[in-house]
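Read the structure below first, then the notes.
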Amino acid sequence: MSIPAPRALHAVLLSAAVVAAAVGCGPDAQTVATGPTPSVASSPTSAPTGPTTAPTRRPPTQTPTPKAGVVRLTAADAGRAITVARGDVILVELSGGPGSFLPPTADDAGVLRTEERGGGYPGTDPATARFTAIGRGVARITSTTDAACLHSEPACMIPQQQFTVTIRVR
């Protein structure tokens, strides 16, 4: 039994509309499913996976502040100029030469904060100091060797060693 042509065309168009609606074509195609898309196993040996969820968008985070750097200075660094960042720590340990170094000092407390000082003359331990860079600018860390004979009469004639390092804080 044959179907008249207009009815056949109508049936084909109706079938096409049903199929198009089922696969998301047509005027309502703007509506997109926002749910998870099931994944398909790519091989018979892989285990089936369930629906996946869309990644969660997180607000942008601030870049973490880098941890302070540590700069170690010894008598061999005398005469150097170095640049550090605010927050960096400068450790100084001085030993050697005739006599002992005096504990190091910084000449600008607005640039380098002295955290601790110790050792050195009149003892025999190395002279040490720890500074923190706190402000922009330039400061000098200095020390000099000292010995008991330099304070006696007559004073001894041993050479004294100078230590100066210029610190630029950016």
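The values are calculated or read from the model by the stated rules, or taken from the named source; none is laboratory data. Here the structure is a predicted model, which is why all the values come from computation and not from measurement. Cβ sites come from the backbone with ideal geometry, for glycine too, and all protein chains shown count toward neighbours.
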Open item on the list: Where the second residue is part of a strand (DSSP E or B) and among the hydrophobic types (A, V, I, L, M, F, W, C) and the first is farther than 19 Å from V89 by Cβ and lies in region 118-134, which pairs have Cβ atoms under 6 Å and are six or more apart or on separate chains?
Closed with: G120/F101; G120/A127
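For region 150-170, name all the residues that are hydrophobic (A, V, I, L, M, F, W, C), touching a residue at least 24 places away in the same chain (Cβ under 8 Å) and either farther than 19 Å from L94 by Cβ or loosely packed, with under 15 Cβ neighbours inside 10 Å (or both). First the steps, then the outcome.
Step one: list which residues in region 150-170 are hydrophobic (A, V, I, L, M, F, W, C), which gives 150, 155-158, 163, 165, 167, 169.
If we keep only those that are touching a residue at least 24 places away in the same chain (Cβ under 8 Å) too, we end up with 150, 158, 163, 165, 167, 169.
Those that are hydrophobic (A, V, I, L, M, F, W, C), touching a residue at least 24 places away in the same chain (Cβ under 8 Å) and either farther than 19 Å from L94 by Cβ or loosely packed, with under 15 Cβ neighbours inside 10 Å (or both): I158, V169.
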- [ ] Would you mind stating whether V138 is surrounded by 15 or more Cβ atoms within 10 Å (Cβ to Cβ) and either among the hydrophobic types (A, V, I, L, M, F, W, C) or out of contact with any Ser or Thr (no Cβ under 9 Å at 6 or more places or on another chain) (or both)?
- [x] no
Task: Cβ pairs under 7 Å, 6+ apart, first in region 66-80 and modelled with pLDDT of 95 or more, second in a helix (DSSP H, G or I) - done: none
TODO: Identify all residues within region 139-169 that are among the charged types (D, E, K, R) and at pLDDT 95 or above; write none if there are none.
DONE: R140, R168
